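Worksheet for the structure shown next.
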Amino acid sequence: MSTFGTLYRVTTYGESHCASVGAIIDGCPPGLELTPQDLQTQLSRRRPGQSNLTTPRNEKDLVHIQSGLELGVTLGTPIAILVKNEDQRPHDYTETDLYPRPSHADYTYLEKYGIKASSGGGRSSARETIGRVAAGALAEKYLKIAYGIEIVAFVSSVGKVHLSATAPPPSQINADEEDDSATDTLSKEYLELLSTITREDVDKHITRCPHPETAERMTKRILRAKEAQDSIGGTVTCVIRNVPSGLGEPVFDKFEAKLAHAMLSIPATKAFEVGSGFRGTEVPGSQHNDAFIRGENGRLRTATNWSGGIQGGITNGEHIYFRIGFKSPATISQPQDTARYDVPIVEAMAAMVIMDELLIQNARKTAASLLPPITTLPPTMVMPK
């Protein structure tokens with residue numbers, strides 16, 4: 001379906017080379033000051049055609065807010081977002097009338113609908129994600145003002161070039177099967193990166209990798225693929241800071257399940273892991289468990305964060321971090337990008353998940369607050385005041 005969310009509902013529309021793309025956003029709280037520039041910043045970060053590392057399609061992606069806003073303030077009614085497709089080139093795709101492109105959605109869309117868009121990827125094109133990025137930027141503004149939530153994504157690998165702080169361990173094929181020592185996934189370097197990285201750090205290099213030396217190696221790898229008229233994939237790591245505890249809806253809408261749903265709906269994604277991910281499967285529970293300690297504010301927190309800020313499908317107040325794998329772009333007859341401009345899309349989908357879960361949790365807490373205090377249960381069953 002083309003709609004995501006329960007209370008913060010986003011419906012995207014448009015195909016790759018139609019007149020416009022955009023979204024209808026329902027559930028935005030009233031009273032939020034909003035300008036087109038609040039959305040444009042992320043749309044401009046998403047826009048392809050900004051260097052010789054990316055797809056040559058060049059769109060301005062100027063956002064137009066059509067409804068739900070008066071005098072710069074949200075009304076609480078549906079917000080319509082429109083972005084015109086100005087670089088429409090349907091004739092670039094006439095060969096697909098004769099045969100389906102390998103690893104594209106041409107064949108599967110025909111199998112599903114019996115009909116497909118005549119140009120580009122139709123709904124499977126990355127152009128569809130423009131509506132998501134706009135909706136995510138709107139959610140992010142509210143989350144920042146109301147909760148101080150920060151969302152930062154960055155490219156952590158291109159091909160076999162990895163940012164050292166996020167690099168996977170060496171192959172364990174010939175490893176000692178009796179050795180239970182844990183690879184230090186949560187190194188001090190990695191924790192520092194998750195705690196301090198900003199979008200300004202990410203945007204300093206066109207690859208969106210925050211480590212200059214690694215970014216240059218990534219650039220060389222991308223250009224090597226380009227020279228061979230080939231493409232290469234990569235991974236994006238995302239961290240979310242200052243998320244309140246208690247978000248997530250067991251059992252089928254656990255927080256990491258909603259994140260996985262959101263991230264794997266992004267075009268070209270093939271993998272998702274949260275916290276220690278697959279590396280956590282090789283670590284004994286005695287080393288992987290996150291022990292609880294008393295935080296500075298008196299509330300419980302964890303001494304480590306193998307869990308990635310989520311336990312039992314519910315957020316625990318620690319940093320949430322996860323990684324997404326993007327396959328090599330399927331179109332290889334022209335210069336291609338890797339995961340670079342997928343960074344804002346990852347941030348947008350994360351913001352949409354958090355916004356929706358916060359509205360759900362706040363509705364529950366508000367309803368509960370109208371009841372008289374609980375006095376009949378033992379203290380172990382009730383959250384201390």
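Peptides 373-385, 287-299, 254-266, 211-223 ranked from most to least packed, by the mean per-residue count of other Cβ atoms within 10 Å: 254-266, 211-223, 287-299, 373-385.
Please work out whether the stretch 275-385 counts as rounded, prolate or oblate from its C-alpha gyration tensor, where a ≥ b ≥ c are the square roots of the eigenvalues and a/c under 1.5 means rounded, while otherwise a/b larger than b/c means prolate and anything else oblate? Could you put the intermediate results ahead of the total?
Values: a/c = 3.46, a/b = 1.72, b/c = 2.02.
In terms of gyration-tensor shape, oblate.
Oblate is the label for the stretch 262-302, because a/c, from the alpha-carbon gyration tensor with a ≥ b ≥ c as root eigenvalues, is 1.5 or above and a/b does not exceed b/c. Computed over Cα pairs, the Kirkwood radius of the stretch 283-333 leads via Stokes-Einstein (1.567 mPa s, 4 °C) to a diffusion coefficient of 96 µm² per second.
Only the coordinates and a few stated rules stand behind these numbers; no lab work does. Computed from a prediction, not measured in an experiment: that's the story for all the values here. Cβ atoms come from the backbone with ideal geometry, glycine included; neighbour counts cover every protein chain shown.
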